[in-house]
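Any read-out appearing in this document is the output of simple, stated calculations on the displayed coordinates, not a laboratory observation. If you're wondering where the values come from, they're calculated on a predicted model, not measured in any experiment. All Cβ positions, glycine included, derive from the backbone under ideal geometry; neighbour counts span all protein chains shown.
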Amino acid sequence: MQNVAIFGVPRSGTSWLGQIFNSSPHVVYRYQPIFAYSFDGSLNSESSSEDIAQFHEMLLRTDDDFVCQEKNISGNQTPIFDKQQCTHLVWKEVRYLNIIHNLLKQSETKVIGIVRHPCGVIHSWQNAPKEFNKEWDILKEWRHGDKKNTSKHDFYGYERWLEATRMFLRLQKDFPNRFHLLCYEELVENSLKYTKEAFNFTGLTIEEQTKEFLQESTSSTSDDPYDVYRKNKTGFEWISQLNPVIINEIKTDDRFLEIEKHFGWNTLEQKKR
């Protein structure tokens, strides 16, 4: 069984990417297990190879409703896919990003990191009712996410986005055969191309069921902010909807400009205007 982990900060597209992998008939998919009560503390930044192997065995056997995620956070049905002989275990997390380096060192797990433009992340967070309280002021929360970040394992806000993205870039350099970096906006722009790249990296082949899901998820829409349907989404809705003060602060930050070189968001943004 090939083990694959998907990591990204909250609101960066991990749920959609997770369901793209789940659409493969050969994948067992699990949702944010380390955050679940039944797996609490099961992995950390010092876990041994044996700990990680045991964790993956537990993931395969679990019937935890949250981890198996038959319904999403809003309580709506998640996509249902036919399964054949499963060869891959895929799980995703938006917390505990501090365990990735050890996971790569102590096991053969392959990791996919997905990065979304910080303005898109903040805009999506602001519109997620279970994650951003409507009484909060986005101008006070966007940078540090103080009201949401309750522990070192939480990655809300711009400063934590910077931390995570820099880490992903280092991991891509240090583990080129084990860590794959994916840009959310490129996945939205050409879902088939970048899904093929991610599947090839993990040893999966795209089959008809995944092609059908990519078509459905990019041609259907939903009012549920926790759903995985992206019709008419470009990834740049924030241009006209996010507070311009935040946009200007981010786009003039030298730290962001250095990271932007690796993703080409400026070119993609110009195409969407």
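What is the distance in Å between the Cα centres of the range 170-220 and the range 25-63? Answer, in whole Å: 22. Amide H to amide H, with H built 1.01 Å from N, R30 comes under 5 Å of V90, W91, K92, counting only residues 5 or more places away or on other chains. The phi torsions of the range 196-201, fed into the Karplus equation with coefficients 6.51, -1.76 and 1.60 and a -60° offset, translate into couplings of 4, 4, 5, 5, 4, 4 Hz, rounded to whole numbers, with Gly and Pro shown as x.
Shape call for the range 1-120 from the C-alpha gyration tensor, a ≥ b ≥ c root eigenvalues: rounded (a/c under 1.5), prolate (a/b greater than b/c) or oblate? Rounded. Rounded to the nearest 500, the helix-only mean residue ellipticity at 222 nm of the chain stands at -12000 deg cm²/dmol, with each DSSP H run of n ≥ 4 adding -39,500 (n - 2.57). Whole-Hz Karplus values for the range 35-50 come out as 7, 6, 4, 6, 10, 3, x, 6, 9, 8, 6, 10, 4, 7, 4, 5 Hz, taken residue by residue from phi with 6.51 cos²θ - 1.76 cosθ + 1.60 and θ = phi - 60°; glycine and proline positions read x.
So which of K71/K92; K71/K110; K233/K271; K105/K173; K71/K130; K83/K233 end up more than 18 Å apart by C-alpha?
Values: K71/K92 15 Å; K71/K110 26 Å; K233/K271 13 Å; K105/K173 14 Å; K71/K130 15 Å; K83/K233 29 Å.
In this structure, K71/K110; K83/K233 exceed 18 Å between Cα atoms.
Each of R273, R160 was scored by other Cβ atoms within 10 Å of its Cβ. Arranged with the fewest first, they read R273, R160. In order along the range 257-264, the Karplus-derived 3J(HN,Hα) couplings, from 6.51 cos²θ - 1.76 cosθ + 1.60 at θ = phi - 60°, round to 4, 5, 6, 4, 4, 7, 10, x Hz, and Gly and Pro are given as x. Comparing E208, E108, E258 in a Gaussian network model of the chain (Cα springs below 10 Å), the most mobile by mean-square fluctuation is E258.
Put in order of Cβ neighbour count within 10 Å, fewest first, the listed residues K148, K272, K261, K92 become K261, K272, K148, K92.
How would the range 1-59 be classified by its alpha-carbon gyration tensor: rounded, prolate or oblate, with rounded meaning a/c under 1.5 and the a/b versus b/c comparison settling the rest? It is oblate, given that a/c is not under 1.5 and a/b is not larger than b/c. Who wins for biggest fluctuation among N248, N133, N22 in a Gaussian network model of the chain, springs between alpha carbons below 10 Å? Checking each option, the largest mean-square fluctuation is seen for N248. Cβ crowding within 10 Å ranks I80, I138 as I80, I138, fewest other Cβ atoms first.
Determine by what factor the alpha-carbon radius of gyration of the range 2-272 differs from 2.2 N^0.38 Å, reporting the quotient.
Output field value: 0.96.
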